[in-house]
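J.: One structure, as C-alpha cells, below. Some questions next.
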Amino acid sequence: MIFKDLFYAVKSPGRYGDFLKRKGWMVFLYGFFLITAYFLIVNVVPMARFQILYGGFQGIVERGVPDFELENGRLHLKDSWYLDEQGVYVDIDTSRDWVQENQEEVEKILQDGSYYAVMIADGSTMAVKSDGSVEIFHFGDLTGLNLSKDDIYQFIPLLDLIIVLIMIAWYIADIVLFFLGALILGLAGLIFRQAFNARLSFGQLFLLSI
C-alpha cells in the first residue's frame with residue numbers, strides 16, 4: 001500500500017482522492033517511511049560507505065596520522081612527514097627547529113592559493129592553514145599538555161558516539177520538519193479550498209499534504 005501511494009503521489013495527481021480513504025495512522029506511517037528512506041539514502045548510506053572504505057575514524061587515524069608524541073612543550077615524530085598533493089601540503093620534521101629560521105619560505109607556502117590545507121612543523125612550532133585561515137602555534141605554550149597517537153585512539157569511541165547522537169537528532173529533526181511542512185501546506189490549502197469551493201476539512205488537507 002505504501003509503495004502504491006508513493007507511485008500515485010508522484011505520477012497520478014488524479015488519484016489523490018484515494019488518499020482520503022486511508023486511515024490516519026496509515027498516512028502518518030507513509031510519512032515516516034518517506035523520511036526514513038530519505039534519511040537512509042542521504043545520511044546512513046554515506047556513513048556506512050565511509051566505514052567500509054576507510055575503516056571509520058579508526059582507519060583514518062591509523063593511515064593518516066603518524067606516530068607522534070607531544071610532551072613538555074615539544075613535538076616528537078619518529079620520522080619526518082612530507083606530503084604535497086591535491087591542494088594539501090604537509091612538512092613535519094621534529095629532528096631540529098627550522099620553521100622560525102625559514103619563516104619567509106613558510107609564509108610563502110601558507111599564502112599560496114593552490115593549497116587549501118597546510119601543516120608545517122618542527123619540534124617547537126607549527127603553522128597551519130585551513131579554509132583560508134592561518135594559525136601559528138608554539139608548543140612551549142602547551143606545557144602540561146601531553147598527547148600521543150594512542151591518546152587519539154581513546155577519543156574515537158566518544159567521537160563515534162557523538163556522530164550517532166547527531167544522526168539520531170538529525171533524523172528526529174527531519175521528521176518534525178516534514179510534518180511541519182505538511183501542516184503549512186495544509187493551512188495554505190484552506191485558501192485554495194475557498195477559491196475552488198472544495199468540501200475538504202483541514203484534517204483532510206493535512207493528510208493530502210503529507
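J.: Name the residue that is most open to solvent (accessible area, probe 1.4 Å), counting only residues in the range 120-133 that are of a type in the set (A, V, I, L, M) and more than 23 Å from the chain's Cα centre (by Cα).
T.: Filtering the range 120-133 down to residues of a type in the set (A, V, I, L, M) leaves 120-121, 126-128.
Right, trim to more than 23 Å from the chain's Cα centre (by Cα) and you get 120-121, 126-127.
Working: I120: 3, A121: 0, M126: 33, A127: 1 Å².
Out of the qualifying residues, it is M126.
J.: Checking the condition among the small types (G, A, S) and free of Cβ contacts under 8 Å to residues at least 12 places away in the same chain, which residue from G73, G59 passes?
T.: Testing whether each residue is among the small types (G, A, S) and free of Cβ contacts under 8 Å to residues at least 12 places away in the same chain leaves just G59.
Matching residues to (1) surrounded by 11 or more Cβ atoms within 10 Å (Cβ to Cβ); (2) in contact with a helix residue (DSSP H, G or I) (Cβ under 9 Å, 6 or more places away or on another chain); (3) modelled with pLDDT under 90:
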residue	(1), (2), (3)
R22	yes, yes, yes
F28	yes, yes, yes
M47	yes, yes, no
R63	no, yes, yes
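Every residue, every condition in (1) open to solvent by less than 80 Å² (accessible area, probe 1.4 Å); (2) touching a residue at least 40 places away in the same chain (Cβ under 8 Å); (3) touching a strand residue (DSSP E or B) at 6+ places or on another chain (Cβ under 6 Å); (4) not in a helix (DSSP H, G or I), yes or no:
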{"position": "Y115", "(1), (2), (3), (4)": "yes, no, yes, yes"}
{"position": "V118", "(1), (2), (3), (4)": "yes, no, yes, yes"}
{"position": "E135", "(1), (2), (3), (4)": "no, no, yes, yes"}
{"position": "D141", "(1), (2), (3), (4)": "no, yes, no, no"}
{"position": "D151", "(1), (2), (3), (4)": "yes, no, no, no"}
{"position": "I156", "(1), (2), (3), (4)": "yes, yes, no, no"}
{"position": "D160", "(1), (2), (3), (4)": "yes, yes, no, no"}
{"position": "I172", "(1), (2), (3), (4)": "no, no, no, no"}
{"position": "I175", "(1), (2), (3), (4)": "yes, yes, no, no"}
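J.: Sticking with this structure for a sec: Could you tell me how many of the residues in the range 183-210 are closer than 18 Å to V27 by Cα and among the β-branched types (V, I, T)?
T.: Residues that pass the stated criteria total 2.
Residue by residue, here is whether (1) closer than 30 Å to Q154 by Cβ; (2) touching a Pro at 6+ places or on another chain (Cβ under 9 Å); (3) among the charged types (D, E, K, R) holds:
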residue: Q58; (1), (2), (3): yes, no, no
residue: P66; (1), (2), (3): yes, no, no
residue: L70; (1), (2), (3): yes, no, no
residue: H76; (1), (2), (3): yes, no, no
residue: Y82; (1), (2), (3): yes, no, no
residue: V90; (1), (2), (3): yes, no, no
residue: R96; (1), (2), (3): no, no, yes
residue: V99; (1), (2), (3): yes, no, no
residue: K129; (1), (2), (3): yes, no, yes
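J.: Could you tell me which residue of the range 177-203 is most open to solvent (accessible area, probe 1.4 Å), considering only residues that are assigned to a helix (DSSP H, G or I) and in contact with a Gly (Cβ under 9 Å, 6 or more places away or on another chain)?
T.: That would be F202.
The values are calculated or read from the model by the stated rules, or taken from the named source; none is laboratory data. Worth saying up front: this structure is predicted, and the values here are computed from it rather than measured. As a convention, Cβ positions derive from the backbone with ideal geometry for all residues, glycine included, and neighbour counts pool all protein chains shown. We work out accessible area using only protein heavy atoms, side chains counted, and drop any ligands, DNA or RNA first. Shrake-Rupley method; radii C 1.70, N 1.55, O 1.52, S 1.80 Å.
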